[in-house]
Amino acid sequence: MPEIRVPFRGGGFRPEARRGTGIAVFLLLLFLIEWGTRTGWISNLTLPRPSDVAATLGDLARSGALWTHLLPSLSRLAVGSVLGISAGIGVGVLIGLFSYIRAGLVPLVAAIFPIPKIALLPLFVIWFGIDEGSKYALIALGTFTPTVVATYGAVDNVDRGLIRMGQSFGLGWWSIVRKIVLPGALPGILSGLRVSLAIGIILLVAAEMLGAEHGIGAYILQAGALYDLERLFAGVVILSCLGVLTSWAIGKIEKRLLVWRG
Amino acid sequence: MELAVRGLTHCYGDMVVLDDVSLHIPAGEILCVVGPSGCGKSTLLRMLGGLEQPDWGEVLQGGTPPEGCLNPLTYVFQDFALLPWRSVAGNISLVLEDHRLPGDRVRAIIEDVLARTRLSDFHDALPRQLSGGMKQRVAIARALAVNPAVMLLDEPLSALDAQTRELLMEDLVALWERQPFTGVYVTHNLAEAVRLGHRIAVLSRRPGRVREVIEVPGTLSERHAGDAGLEAIQAHLWALMRDEAVAADLELLDA
Ligand SMILES: Nc1ncnc2c1ncn2[C@@H]1O[C@H](COP(=O)(O)OP(=O)(O)OP(=O)(O)O)[C@@H](O)[C@H]1O
Ligand SMILES: [Mg+2]
């Protein structure tokens, strides 16, 4: 009789949802910092106490200042990224479908992508005005390039066999694009959106730091100038929440639209 | 509808894939095409349905498609080619949507083809929930929905297990009996060829030429696995193909 059990070698390489793990890591970190700052193991100049940051956030919410900063930021992010992402998806699909557009635009996109968009802000101020216009343009341009790249990659990856099938049944060009290419590219486009929106948030703050009365960026800049660590971190926490929120929203959308992937 | 292929020659780069292929597929008959791997069977089929242009020669169609035919030349693909984001019914309605049919007509067609392929219970299932044999039945239902004049099938059963293949072969025969369609059926499997073909065209190894066209006697519904007459034809086909297959194999090793 053989007696050694065959060792298990499968499993792994397939992350699954583990509820609460993210929050646990987060809380543990907060607890460590709180404990460190209370015992003096971390000096007050290095990191603010989490409870103080929470209190600052509470004050901010109570005084209504939270909204005077958050609302302009959110509307800038929304307008800018909607412009950039919709243009990006449009151009990305065109690059994915037409040889000349691809040959003409791919090098251009590659040239624009690595430019730190914030360096162009003075230019945008001249073109679109010192107010909201330049901020919209900055966020739009920043979200545009990654969306284009993700979109045409996703279109390239659509199963050509499905497109061939559509043609073989006499589907029109527009039907093939709408019913085969776009849904097939959707997973790739959505995961590109995560990157685009994160870049959008970074640019939002950068733009507000360079010139805005209200907004999370302006708030953080003021706090930094006064070396007010509690307020600075309160602002940073708001940004992080914004990032987590957009990522969560995209996750929800993916769950909704991509049930077919199972 | 009938199809004719005249002097079809095609090259990919400087590799000749098809060399002066001529065939005639009369209306209401199924022509099986067999031949060694890489001899250009799929290429030939793509040209028959207008998905690819031959370098030389032409594909001709004759006769008028039947009443209510939405897509005269219709394919059934080896990999099923179902849209994973559409349900079974959605995949079928896909090929009807561009024809501006009234909604109840579309629903009636879908119900009818699902019933004919015994899929009525899977109306709302997604492709990933179906087995391979069921996916291919959906693909066949989709092809039936456009009421084709000619069915072009590229190894439709080769991704399936032997039992499912046997069942689907019976399904195909039943569908043909119910409404005889013109068919071109590409396969590696000689048993399928003798069961489903009225005639069988044997292609040589690359460059594909027509070596022989064999008539298979008897009606489709009377043929069964293990029939002595069919076995004899199958043996003859194998004798024709064996040397070619061996040579084709060696060629691949050389390349
Ligand atoms: N689009 C293409 N571009 C270049 N070469 C191709 C293309 N399609 C097919 N070929 C080549 O042409 C030859 C014939 O291909 P084809 O797919 O028609 O063969 P087949 O008889 O269907 O083979 P199999 O039995 O393996 O399905 C093969 O050598 C293949 O590599
Ligand atoms: Mg093939």
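The values are calculated or read from the model by the stated rules, or taken from the named source; none is laboratory data. In this text the structure is predicted, and so the values were computed from the model without any measurement. Positions of Cβ are generated from backbone atoms using ideal geometry, with glycine treated the same way; all protein chains shown enter the neighbour counts. Please note that ligands, DNA and RNA were not included when accessible areas were found on the heavy atoms of the full protein model with its side chains. Shrake-Rupley method; radii C 1.70, N 1.55, O 1.52, S 1.80 Å.
Run the accessible area of segment A:135-206 with a 1.4 Å probe and give the carbon-and-sulfur part as a rounded percent. Present the calculation step by step, with values, prior to reporting the outcome.
On the way: 1580 of 2380 Å².
On segment A:135-206, the fraction of accessible area on carbon and sulfur atoms equals 66 percent.
Among the protein heavy atoms of segment A:1-113, carbon and sulfur supply 70% of the accessible surface, probe 1.4 Å, non-protein parts ignored. Enter the buried accessible area of the A/B pair, total of both sides, probe 1.4 Å, in Å² rounded to the nearest 100. Using a 1.4 Å probe, the pair buries roughly 1700 Å².
For a quick protection proxy, order the peptides B:184-191, B:58-65 by their average other-Cβ count within 10 Å, most packed first.
Values: B:184-191: 21.6, B:58-65: 13.9.
In decreasing order of mean packing, B:184-191, B:58-65 become B:184-191, B:58-65.
For chain B, the longest principal axis of the C-alpha atoms and the axis of helix B:103-116 are separated by about 50°.
Can you give the angle from 0 to 90° between the axis of helix A:182-210 and the longest principal axis of chain A, with both taken from C-alpha atoms, to the nearest 10? Result, in degrees: 30.
With all protein chains kept in place, the per residue accessible area of the protein assembly as shown amounts to 52 square angstrom at a probe of 1.4 angstrom. The alpha-carbon of A:LYS135 sits under 30 angstrom from the alpha-carbons of these lysines, leaving out residues fewer than 8 places away in its chain: A:LYS117, A:LYS252. Got a sec? Which residues in segment B:58-79 would a label at B:ALA174 touch, if it sits 7 Å along Cα→Cβ and we count backbone N under 12 Å? It comes to no residues whatsoever. Compute the acute angle (0 to 90°) between the alpha-carbon long axis of helix B:132-145 and the principal axis of greatest extent of the alpha-carbon atoms of chain B; round to the nearest 10°. The angle comes out near 80 degrees. Segment A:175-208 and segment B:180-201 have Cα centres separated by 47 Å.
Could you work out, residue by residue across A:171-182, how many beta carbons of other chains sit within 10 Å of that residue's beta carbon, and then give the average as an integer? Please report the intermediate quantities before stating the final value.
Details: counts 5, 2, 0, 1, 4, 1, 0, 0, 7, 4, 0, 0.
Average neighbour count from other chains, rounded to a whole number: 2.
Scanning chain A for trypsin sites (Lys or Arg not before Pro) lying in DSSP loops with no more than 15 further Cβ atoms inside 10 Å, the longest uninterrupted stretch between such sites is A:20-262. Counting Cβ atoms of other protein chains within 10 Å of each residue's Cβ and taking the mean over peptide B:94-102 gives 3. Couplings 3J(HN,Hα) for segment B:171-188, derived from phi with the Karplus relation 6.51 cos²θ - 1.76 cosθ + 1.60 (θ = phi - 60°), are 4, 4, 4, 4, 5, 5, 4, 5, 8, x, 10, 7, x, 10, 10, 8, 8, 8 Hz, where x marks Gly and Pro.
Helical content alone sets the calculated 222 nm signal of the protein assembly as shown at -18500 deg cm²/dmol, taking -39,500 (n - 2.57) per DSSP H segment of four or more residues and averaging over every residue. Between amide H atoms placed 1.01 Å from N, distances below 5 Å from B:VAL76 occur with B:LEU152, B:LEU153, B:ASP154, all of them 5 or more places distant or on a separate chain.
Please check: in the Gaussian network model of chain A (C-alpha springs, under 10 Å), which one of A:VAL82, A:VAL149, A:VAL25 has the largest mean-square fluctuation. Among A:VAL82, A:VAL149, A:VAL25, the largest GNM mean-square fluctuation belongs to A:VAL25.
Quick check on packing: order B:151-161, B:206-216 by the mean number of other C-beta atoms within 10 Å, highest mean leading. Don't skip to the end; give the middle numbers.
Details: B:151-161: 20.5, B:206-216: 17.5.
So the peptides B:151-161, B:206-216, ranked by packing, come out B:151-161, B:206-216.
Just tell me how shielded B:71-79 is by partners: mean number of partner chain Cβ atoms within 10 Å of each residue's Cβ, no decimals. Before the final figure, lay out the partial values.
On the way: counts 4, 1, 3, 3, 5, 2, 5, 1, 4.
Average neighbour count from other chains, rounded to a whole number: 3.
Note on the protein assembly as shown: Cα Rg divided by 2.2 N^0.38 Å, N the number of residues, gives 1.35.
For segment B:23-167, give the percent of accessible area contributed by carbon and sulfur heavy atoms, probe 1.4 Å, rounded to a whole number. Please report the intermediate quantities before stating the final value.
Values: 2910 of 5940 Å².
The value for segment B:23-167 is 49 percent carbon and sulfur by accessible area.
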